Amino acid sequence: MLILGIETSCDETAAAVVEDGTRVRSSVVSSQVDLHARFGGVVPELASRAHLELIGPVVDAALDEAGVDLDRVDVVAATYGPGLIGALLVGVSAAKAFALACDIPYVGVNHLEAHLYAAWLEEPELATPFAVLLVSGGHTLLVAVDGPAEYRVLGATVDDAAGEAFDKVARVLGLGYPGGPALDRLAADGDPDAIPFPRPMAAEGLDFSFSGLKTAVVNHLRHHPDADRGDVAASFQEAVVDVASAKLLRAAEELGARTLVLGGGVAANSRLRARVRELAEASGRTVFLPPLHLCTDNAAMVAATAWWRLRADGPSALTGGAEPSLRLGGSL
Ligand code: KG4
Ligand code: ZN
């Protein structure tokens, strides 16, 4: 079964063709980073307009790369939430138009669920249950995955998402947008123990809080304007990584899960990847860190999720729209 997946929830226009839920025949991602960079963040109206221009060429490129015509596609899927309403509507409308024109089923996909399924794309034999730390620009969640289409949200951020904290601190450090990757690079030259930033909610449960940590960095820079920027970046990153990795391990211990998994854009962070690997080894667990192109937003994960969703729930109604505030299970 060939599924055409479409992803337009934020600032990447992406399309992919995935066979039988696991074999990626093509995955094309067109990033709008350059368009938004000079505004220091994603401008929703600009994002929608760019998606509108890019969606046709990106879908064509995905079909081309997969070596299939549209009439060979069996199902079309699109992210319907969460995300920016105007951006989501471009992908959902395109997918529904393809479904109508080709007389094939349409499947609406939850973007957060898609980040979870990215793990299976690379590692179809991944044994359940496993614990996933899903850390992106908009979300920070700890999820227990008991099987395909079976998961439970164990914890979530009570304020900022981890990626949002990275982006905000990066902006204060003058690193531009998106700041996560730039902060990761700057931190490589800094001392992670230079500044004892707080480890918010470290000892409590499985929820997160990053807004106070961001404020601590801002206050530190206000009182020490000459502070070494590499040390600030490394010390901030260390605080996020300490809390995030410890809670992922705690979740796995509570679940009795043998495998730790990362997902979402912040899963590309070099320190977080190294630390989760160390913790897994020290606790006798296995670890699965998806490759970077599957951690950040892409449409292969959307097509893969649609395959499982189709089995569990059947196709989505063509009357369904976009849901900007869609949640994962009972998450915050
Ligand atoms: O999953 P994603 O591509 O988009 C959302 O669904 O939000 O995540 C984007 C987020 C941004 O906040 C970006 O700064 C962060 O992931 N990010 C990183 C790194 N690469 C991307 N944060 C820290 N270190 C990185 N290497
Ligand atoms: Zn995402």
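Points worth noting:
- With Cα atoms, 0 to 90° folded angle of helix 85-102 axis to the chain main axis: 30
- Euclidean distance between Cα centres, the range 51-70 to the range 261-299, Å: 30
- Value of relative contact order over the chain, rounded to a whole percent, pairs C-alpha under 8 Å and six or more apart: 25
- At 1.567 mPa s and 4 °C, Stokes diffusion of the range 205-332 via Kirkwood alpha-carbon radius, µm² per second: 73
- Probe 1.4 Å - accessible area at Asp71, Å² to nearest ten: 130
- Straight-line reach from Lys214: taking Cα to Cα under 14 Å and skipping same-chain neighbours fewer than 8 places apart, the aspartates and glutamates in range are Asp159, Asp160, Glu164, Asp167, Glu238.
- Model label points for Arg72 and Ala203, set 7 angstrom from Cα along the Cα-to-Cβ axis, are 6.0 nm apart.
- The chain - percent of accessible surface contributed by carbon and sulfur, probe 1.4 Å: 51
- Here the Gaussian network model covers the chain, with springs between Cα atoms less than 10 Å apart; of Gly230, Gly320, Gly264, Gly320 fluctuates the most.
- Counting charges near Gly329 (Lys, Arg +1; Asp, Glu -1) among other residues having Cβ under 13 Å from its Cβ returns a value of -1.
- Calculated on alpha-carbon atoms, Rg and Dmax of the range 73-201 in Å: 18.7, 61
- Largest-first ellipsoid semi-axes for the chain, taking √(5λ) over the Cα gyration tensor eigenvalues, angstrom: 34, 23, 16
- For the chain, the share of DSSP beta bridges that are antiparallel, to the nearest 5, is 60%.
- Between the range 120-176 and the range 310-327, the C-alpha centres lie 22 angstrom from each other.
- Heavy-atom accessible area for Thr128, with the other protein chains in place and a 1.4 Å probe, reaches approximately 60 Å².
- In this structure, Thr22 and Asp193 have a Cβ-Cβ separation that, at R0 = 30 Å, corresponds to a calculated FRET efficiency of about 0.10.
- Label-point gap, in nm, between Leu318 and Ile85 - each point 7 angstrom along Cα→Cβ: 2.4
- Angle between the chain longest axis and helix 162-172 axis [Cα atoms, degrees, rounded to 10]: 60
- Each residue of the range 127-292 gets 104 Å³ once the volume of the Cα convex hull is shared out per residue.
- Full-extension gain in nm, Thr215 to Glu150, via 0.36 nm per residue minus C-alpha separation: 19.7 nm
- The calculated FRET efficiency for Ala246 paired with Asp226, based on their beta-carbon distance and R0 = 41 Å, is about 0.80.
- The range 163-256: Rg to Rh, with Rh as the Kirkwood radius over Cα pairs: 1.00
- Antiparallel bridge percentage (DSSP; both residues within the range 127-292; nearest 5): 55
The values are calculated or read from the model by the stated rules, or taken from the named source; none is laboratory data. This one's a predicted model, so the numbers in the text were calculated from it and none came from an experiment. Virtual Cβ from ideal backbone geometry, glycine too; neighbours counted across all protein chains shown. Side chains included, ligands, DNA and RNA excluded: accessible areas come from the protein's heavy atoms. Shrake-Rupley method; radii C 1.70, N 1.55, O 1.52, S 1.80 Å.
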